[in-house]
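The values are calculated or read from the model by the stated rules, or taken from the named source; none is laboratory data. Note that the structure is a prediction, hence the values are computed from the model and not measured. Using ideal geometry, Cβ is built from the backbone for each residue, glycine included, and neighbour counts are taken over all protein chains shown.
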Ligand SMILES: Cc1cc2nc3c(=O)[nH]c(=O)nc-3n(C[C@H](O)[C@H](O)[C@H](O)COP(=O)(O)OP(=O)(O)OC[C@H]3O[C@@H](n4cnc5c(N)ncnc54)[C@H](O)[C@@H]3O)c2cc1C
């Protein structure tokens with residue numbers, strides 16, 4: 001590999017967002033390299049991956065436009081047609097159904113590893129030069145180009161660098177971009193479980209004052225747990241034996257799906273809100289979790305990242321068609337302007353929901369119960385909320 005050669009665009013980070021960006025930009029005709037510090041994603045085994053995401057229709061549409069949606073093994077994907085949300089404190093309940101959107105489903109539960117693997121398979125065919133086990137340290141703009149310094153002492157040049165290097169983004173830090181946000185002091189405990197009652201292709205979410213618990217339907221009839229808990233409590237859940245863990249999840253989920261039986265190892269992921277103050281710096285644009293890491297309660301992290309990808313490709317394609325330098329400040333400012341306000345609004349909305357459901361004060365519980373009941377009885381409001389989650393323009 002000749003690393004010193006200049007490439008149009010270098011994407012740093014080959015997670016779901018960076019890999020999609022690299023693929024979309026290559027398909028749009030740009031010369032693209034993708035660097036990732038880790039190993040390439042492994043071909044999915046017979047057992048479903050512990051990490052799954054709820055993909056919104058906007059994400060599925062983008063992946064379909066890129067020709068990868070049909071490459072995902074449909075037998076491993078679960079479409080969810082409804083969502084049921086309820087409040088442990090106030091007792092109010094909310095139902096969302098795909099019919100609200102005149103759609104077949106609200107979204108799809110897909111394994112992270114399966115999606116990553118399918119994306120990486122498509123990269124080479126699209127002409128993306130992929131380098132795994134390569135760590136970028138910083139990106140410096142000078143003389144109309146960006147220079148990326150790598151950990152092994154080598155460097156790369158490009159017109160534009162995209163930082164899709166995750167929530168702790170080393171490139172964002174090196175560029176001196178601060179983040180706003182907070183550490184939730186929570187971890188999301190994840191596991192797959194068998195359930196006594198059928199999941200009915202419904203995403204179940206109960207808000208407890210310790211954090212939200214979601215049971216997402218899987219294609220094989222099991223459910224995938226995402227349970228946000230204070231750090232110490234999450235550690236305790238990881239240490240329980242299977243029977244005690246099943247009882248704890250069952251009680252916390254109100255036994256809506258009957259008795260539960262663990263069917264996988266467990267893991268826990270620390271949760272933070274981290275919103276970059278700027279989405280661009282000279283010859284550098286941020287996307288995905290590098291730009292906005294959000295609480296998983298709305299299942300929107302990847303979906304927001306894929307909306308960044310769509311916007312960035314549109315902006316760069318238009319700039320290129322006008323003969324503009326794709327790494328020029330006004331071009332990146334256009335992308336940053338279009339994405340940052342929407343991403344910030346969503347990140348803080350999820351944060352506000354997280355705070356609201358932790359409150360135990362009777363007046364607050366009464367107010368949120370009233371609010372949920374109003375939403376439940378107002379189809380136009382429900383359609384607005386479901387449409388926003390689906391990625392409809394607002
Ligand atoms: C429990 C849980 C449940 C979630 N559920 C959902 C959901 O249902 N729906 C949803 O949309 N989102 C969900 N999310 C959020 C989602 O997982 C993230 O938003 C998403 O994974 C971010 O993808 P990314 O590609 O931006 O970053 P990452 O997945 O963090 O990828 C970053 C990549 O950059 C690489 N990298 C890092 N530093 C460097 C470097 N210096 N040089 C080169 N490479 C580097 C890493 O190796 C990695 O591959 C959930 C998150 C959690 C924790």
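Report yes if some residue within segment 32-43 is in contact with a helix residue (DSSP H, G or I) (Cβ under 7 Å, 6 or more places away or on another chain), touching a residue at least 24 places away in the same chain (Cβ under 8 Å), part of a strand (DSSP E or B) and surrounded by 15 or more Cβ atoms within 10 Å (Cβ to Cβ); otherwise report no. Checked against the condition, which is being in contact with a helix residue (DSSP H, G or I) (Cβ under 7 Å, 6 or more places away or on another chain), touching a residue at least 24 places away in the same chain (Cβ under 8 Å), part of a strand (DSSP E or B) and surrounded by 15 or more Cβ atoms within 10 Å (Cβ to Cβ), segment 32-43 yields at least one hit. If you go through segment 90-100 and keep only what is touching a strand residue (DSSP E or B) at 6+ places or on another chain (Cβ under 8 Å) and either assigned to a strand (DSSP E or B) or surrounded by fewer than 18 Cβ atoms within 10 Å (Cβ to Cβ) (or both), you end up with 93, 94, 95, 96, 97. Among the candidates 246, 268, which residue alone is in a strand (DSSP E or B) and either surrounded by 14 or more Cβ atoms within 10 Å (Cβ to Cβ) or within 12 Å of the ligand (Cβ to nearest atom) (or both)? That would be 268, the only listed residue that is in a strand (DSSP E or B) and either surrounded by 14 or more Cβ atoms within 10 Å (Cβ to Cβ) or within 12 Å of the ligand (Cβ to nearest atom) (or both).
Yes or no, residue by residue, for (1) surrounded by fewer than 15 Cβ atoms within 10 Å (Cβ to Cβ); (2) more than 11 Å from the ligand (Cβ to nearest atom); (3) touching a residue at least 24 places away in the same chain (Cβ under 8 Å):
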{"site": "102", "(1), (2), (3)": "yes, yes, no"}
{"site": "106", "(1), (2), (3)": "no, yes, yes"}
{"site": "116", "(1), (2), (3)": "no, no, yes"}
{"site": "128", "(1), (2), (3)": "no, yes, yes"}
{"site": "134", "(1), (2), (3)": "no, no, yes"}
{"site": "139", "(1), (2), (3)": "no, no, yes"}
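Per-residue answers, yes or no, for (1) surrounded by fewer than 17 Cβ atoms within 10 Å (Cβ to Cβ); (2) within 22 Å of the chain's Cα centre (by Cα); (3) more than 16 Å from the ligand (Cβ to nearest atom); (4) more than 28 Å from residue 135 (Cα to Cα):
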residue: 30; (1), (2), (3), (4): no, no, yes, no
residue: 64; (1), (2), (3), (4): yes, yes, yes, yes
residue: 74; (1), (2), (3), (4): yes, yes, yes, yes
residue: 80; (1), (2), (3), (4): no, yes, no, yes
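Set side by side, the residues 304, 332, 275, 238 differ, and just one is touching a residue at least 24 places away in the same chain (Cβ under 8 Å), within 16 Å of the ligand (Cβ to nearest atom) and surrounded by 23 or more Cβ atoms within 10 Å (Cβ to Cβ), which is 304.
Can you spot a residue in segment 44-52 that is outside any loop (DSSP other than H, G, I, E, B), away from the ligand (no atom under 12 Å from the Cβ) and either farther than 24 Å from residue 264 by Cα or modelled with pLDDT of 95 or more (or both)? No, segment 44-52 contains no residue that is outside any loop (DSSP other than H, G, I, E, B), away from the ligand (no atom under 12 Å from the Cβ) and either farther than 24 Å from residue 264 by Cα or modelled with pLDDT of 95 or more (or both).
Restricting attention to segment 373-393, which residues are in contact (Cβ under 8 Å) with a residue 60 or more places away in the chain, assigned to a helix (DSSP H, G or I) and either buried (at least 18 other Cβ atoms within 10 Å of the Cβ) or in contact with a helix residue (DSSP H, G or I) (Cβ under 9 Å, 6 or more places away or on another chain) (or both)? Hits for segment 373-393 are 375, 376, 379, 382, 383, 385, 386, 387, 389, 390.
Just checking, does segment 330-352 include any residue being at pLDDT below 95 and on the phi > 0 side of the Ramachandran plot? Scanning segment 330-352 turns up no residue that is at pLDDT below 95 and on the phi > 0 side of the Ramachandran plot.
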